[in-house]
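Heads up, the thing below is written out as structure tokens.
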């Protein structure tokens, strides 16, 4: 991590990350500008860790540029990808708010810039702005619901549907739309997709190739273009083909 010093902030030059963060949605522009003064800026190279699983939880990050994956190590030593966050996403808030260690690792998928504060400062921020605490609880509930949903999908749904749902979620989080095509350009590998869908690398590769032949998407190294989003959603939701 390469930290910068905190600087002066005004409402006119407030970084987009503060304005887009759901955690700070209850704050006025002037309150956000005051909040910005408490944060320092940091840069991370691709594959660099913002923090590691089981390390002391001392820092809360707000993502400004780039994408970050959150991964956890299984009992067998395998890396399981849990979430992907980009601008406006908060990393480390839950453990900083009430846990001594990080429950997972956060890894930069590409060059990443964040704004960060230490745990004590974040605690003071929540006391000063109670609305942040309420939104943090909602965030925790959403993450728990997401985890339960993925567990249900892995135990009850066919693998193609799980892969389609994984791509649909990534498209909603990271996708860029251009002329009806959704582009997912974060540096996610096919192994990352397999981890998220709860299947094997071979199955993901085979499925993506089949969907390429059908014209549903184009899959290149660390980049996927969804050419027919409606057909992908049909697979994800198990709709009849003539409803696509």
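Annotations for the structure displayed:
- Matching residues, region 10-20, being surrounded by fewer than 17 Cβ atoms within 10 Å (Cβ to Cβ), closer than 14 Å to residue 64 by Cα and touching a helix residue (DSSP H, G or I) at 6+ places or on another chain (Cβ under 6 Å): 14
- Qualifying residue in region 209-216 (condition: surrounded by 13 or more Cβ atoms within 10 Å (Cβ to Cβ), under 24 Å from residue 69 (Cβ atoms) and touching a residue at least 40 places away in the same chain (Cβ under 8 Å)): no
- Within region 190-207, the set of residues being surrounded by 15 or more Cβ atoms within 10 Å (Cβ to Cβ) and not in a helix (DSSP H, G or I) comprises 198, 199.
- Top-ranked residue in region 217-244 [being part of a helix (DSSP H, G or I) and in contact (Cβ under 8 Å) with a residue 12 or more places away in the chain; ranked as nearest to residue 162 (Cα to Cα)]: 236
Only the coordinates and a few stated rules stand behind these numbers; no lab work does. The shown structure was predicted, so the numbers you read here are calculated from the model rather than taken from an experiment. All Cβ positions, even for glycine, are placed from backbone atoms using ideal geometry, and neighbour counts span all protein chains on display.
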